[in-house]
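All of the numbers you see were taken from the coordinates with simple rules; none came from a lab. This structure is a prediction, so every number in the text was calculated from the model and none was measured. So basically every Cβ, Gly included, is an ideal-geometry build from the backbone, and we count neighbours across all protein chains shown.
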Amino acid sequence: MSINDIAFPGLGIMLENVPSGIRVFGFWIAFYGMTMASAMVAGYFVAAWQAKRTGQDPDLYLDFALITIPISVVCARIYYVIFSWDLYKNNNLSVFNLRNGGLGLYGSVIGAFATAIVFCRKKGLSLGLLADTGCVGLITGQIIGRWGNFFNREAFGGYAGGSLFAMELPWDEAKLHMSTEAALTLRQYVSAENTILVHPTFLYESFWNLLLLIGILIYTKHKKFDGELMCLYLTGYGVGRFWIESMRTDQLLLWGTKVPVSMVVAGITVAAGLGGIAWMRRKTVRK
């Protein structure tokens, strides 16, 4: 197995020489960046479709996307850098190099929500309705965006021997994308061919988000209040992310601890989502 090969033995899939990007007119373009760009465009179109489906003006969401996408990217990068500062403290300029990955999804969600608050106040719009529509686009972007991790051979979990979905990677490549502690733990599972089977957590998250998207789209016509779909997203994504994050070998940790920051944030979003639903439904009953 060469350094660029990726296999899924349980599924009978062998992908040889999977590149991380292409060179166009002398410029290197990473598939990670291309995937993220595709995710953003697809997210907008799905949000616009949802807006039209629910009797809103789709053009409003183009205005919102043009503002929130760059802000969300910046916030996603800030989130990642804050909790990975050891990687950048000796070379501050590397903070601006996104070609090798390094975006924190929760940072983009925080950035998007903050932007939505300001946008709705300026336009006199319902924040709940905008959030319900925007979260559909957000989930779509997450479904696609996670495949950027596939091309970077990152965001995978621990040893997955015997799993149907186990992903086989060359050990020399895999160990570059995990913590030192995880590498020491997983070293014992390296095969005689110098490969290792790991959980493709990026795939799990992408599939989880697809199910969540389908559920939210089906539930749209049955929602009880504006903002309920966003609450369902926060709850559903938080539950999945908490479980999936627990497997990963490249967790961002809270400073000075071994606590994965994304698991903490996931727990908070689940509580916020469930709390929002309970509070708004109680408020509706009282009326």
Could you tell me which of rounded, prolate or oblate describes the stretch 1-120, using a ≥ b ≥ c as the square roots of the eigenvalues of the alpha-carbon gyration tensor, with rounded for a/c under 1.5 and, failing that, prolate when a/b is larger than b/c and oblate otherwise?
oblate
Fewest to most neighbouring Cβ within 10 Å: what's the order for Val73, Val265?
Val73, Val265
GluC sites (Glu not before Pro) restricted to the stretch 180-287 and DSSP loop, no more than 10 other C-beta within 10 Å:
Glu193
Per the C-alpha gyration tensor (a ≥ b ≥ c, the square roots of its eigenvalues), the stretch 204-287 is rounded if a/c is under 1.5, else prolate if a/b beats b/c, else oblate; here it's oblate
Mind sorting Leu103, Leu164 by how few other Cβ atoms lie within 10 Å of their own Cβ, fewest first?
Leu164, Leu103
Computed over the stretch 6-222, the relative contact order (Cα-Cα under 8 Å, seq sep at least six) in percent reads 26 percent
Stokes-Einstein translational diffusion, the chain - Kirkwood Rh over all Cα pairs, 0.692 mPa s, 37 °C, in µm²/s
163 µm²/s
Which of the lysines could a cross-linker span from Lys258 if the Cα-Cα distance has to be under 28 Å and same-chain partners fewer than 8 positions apart are dropped?
Lys89, Lys175
Residue-span extension gain [Asn90 to Ser246] - 0.36 nm each, minus C-alpha spacing:
53.3 nm
Dipole-positive endmost among Tyr204, Ala155, Ala174 within the stretch 142-213 (Cβ charges, Cα centre):
Tyr204
Dipole-positive endmost among Ile277, Gly238, Val136 within the chain (Cβ charges, Cα centre):
Ile277
Would the stretch 136-287 count as rounded, prolate or oblate if I go by the C-alpha gyration tensor, calling it rounded below 1.5 in a/c and otherwise prolate when a/b exceeds b/c, oblate otherwise?
prolate
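Going down the table (Lys52/Lys283; Lys122/Lys283; Lys52/Lys223), which pairs top 21 Å between alpha carbons?
Lys52/Lys283; Lys122/Lys283
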